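Read the structure below first, then the notes.
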Amino acid sequence: MKCSLLIAAVGSIATSPVSSPSFVSQFQGTPFVLTHETPKVSRTLVVSISMGEIEHTENDGWLTLEGTARWRPANPSAPGQPWVMARASSGEGEPRSAAAVLDTADAPVPLQVMESLHVNCKTGDVCEIPVTVEFEFQNGGIEGTVELEWSATSSMEIWNDDELPQGYSVTITERAEEPTP
């Protein structure tokens, strides 16, 4: 019995798809301020994959959006708890989101959202995955601003190869958009 379990385990490992080490790319976003006049900011990040010297293959990974929000109330003694939300969507499935209550003035409040990424590319292609990133402030009637610093990190792997091919690269760039009211 033990021998058959060992053989089954080894067989499943031997037939599992192989993936390369992760290729990590980072992007530092420009800080911004959210107010009751401008409660939402939207950005489009583009994850670009240059395939290098490899034939058609699947690329899978994550885009991790990290932010730090600071609540600057107009009146620190006013009651209530505003909150801030971060969302990320690559167009596949429901957008991922994270929210945090801003209960202490000037205290850094972390936000993190992870969006899965998938694209098939061919040799010599540069494939792009656009990801919409949104930050939204709900003030609950309390006057003040939210200062937000943010960054994004992608971690991509290619399937059916145990190493990254020559010339393979991943970059993150931003296509700026106007804040939405």
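Coordinate-derived values only; no laboratory data. Since the structure is predicted, the reported quantities are computational estimates derived from the model, not experimental observations. Using ideal geometry, Cβ is built from the backbone for each residue, glycine included, and neighbour counts are taken over all protein chains shown.
How large is ³J(HN,Hα), in whole Hz, for each residue of region 107-113 in order, when computed from phi with the Karplus curve 6.51 cos²θ - 1.76 cosθ + 1.60 and θ = phi - 60°, using x for Gly and Pro?
7, x, 10, x, 10, 9, 9
What's the longest bit of the chain with no exposed GluC sites (Glu not before Pro), using DSSP loop states and at most 15 other Cβ atoms within 10 Å as the test?
93-142
Would you mind checking which residues have amide H under 5 Å from His36's amide H? H placed 1.01 Å from N; only 5 or more apart, or other chain.
Gly144
For region 65-146, rounded, prolate or oblate, judged on the Cα gyration tensor with a ≥ b ≥ c (square roots of eigenvalues), a/c < 1.5 rounded, else prolate if a/b > b/c?
Here region 65-146 falls in the prolate category.
Can you run phi through the Karplus equation (6.51, -1.76, 1.60; θ = phi - 60°) for region 73-89 and list ³J(HN,Hα) in whole Hz, with x for Gly and Pro?
Going residue by residue, I get x, 5, 10, x, 8, 5, x, x, 9, x, 9, 10, 10, 10, 10, 9, 8 Hz, with x marking Gly and Pro.
Taking θ = phi - 60°, what integer Hz values does the Karplus form 6.51 cos²θ - 1.76 cosθ + 1.60 yield along region 58-72, in sequence order, with x for Gly and Pro?
Result, rounded to whole Hz: 8, 10, 10, x, 9, 10, 9, 9, 10, x, 10, 9, 10, 8, 10.
From the Cα gyration tensor of the chain, with a ≥ b ≥ c the square roots of its eigenvalues, which class applies: rounded if a/c is under 1.5, or else prolate if a/b is larger than b/c, or else oblate?
prolate
With an 8 Å cut-off on Cα pairs and a minimum separation of 6 or more residues, tell me the relative contact order of the chain in percent.
On the way: 461 pairs, mean separation 80.1, N = 181.
Over the chain, the number comes to 44 percent.
Under the rule of -39500 (n - 2.57) per DSSP H run of 4 or more residues, summed and divided by the residues of the chain, what mean residue ellipticity at 222 nm is obtained, to the nearest 500 deg cm²/dmol?
-2500 deg cm²/dmol
For region 120-163 and region 70-88, write down the distance between their C-alpha centroids in whole Å.
About 24 Å separates the Cα centre of region 120-163 from the one of region 70-88.
Where in region 38-112 are there chymotrypsin sites (Phe, Trp or Tyr not before Pro) that are in a DSSP coil and have at most 11 other Cβ atoms within 10 angstrom of their Cβ?
none
Please determine, in degrees from 0 to 90 and to the nearest 10, the orientation of helix 2-15 with respect to the longest principal axis defined by the Cα atoms of the chain, where the helix direction is its Cα long axis.
70 degrees
Given H placed on each backbone N at 1.01 Å, which residues far from Thr123 in sequence or on other chains put an amide H within less than 5 Å of it?
Residues meeting the criterion, in which the H sits 1.01 Å from N, are His56.
Using unit Cβ charges (K, R positive; D, E negative) and no other charged atoms, how large, in debye to the nearest 20, is the dipole of the chain about its Cα centre? Don't skip to the answer; put the middle values down first.
On the way: 9 positive and 25 negative charges, 86 e Å.
Using Cβ point charges on Lys, Arg, Asp and Glu, the chain gives about 420 debye.
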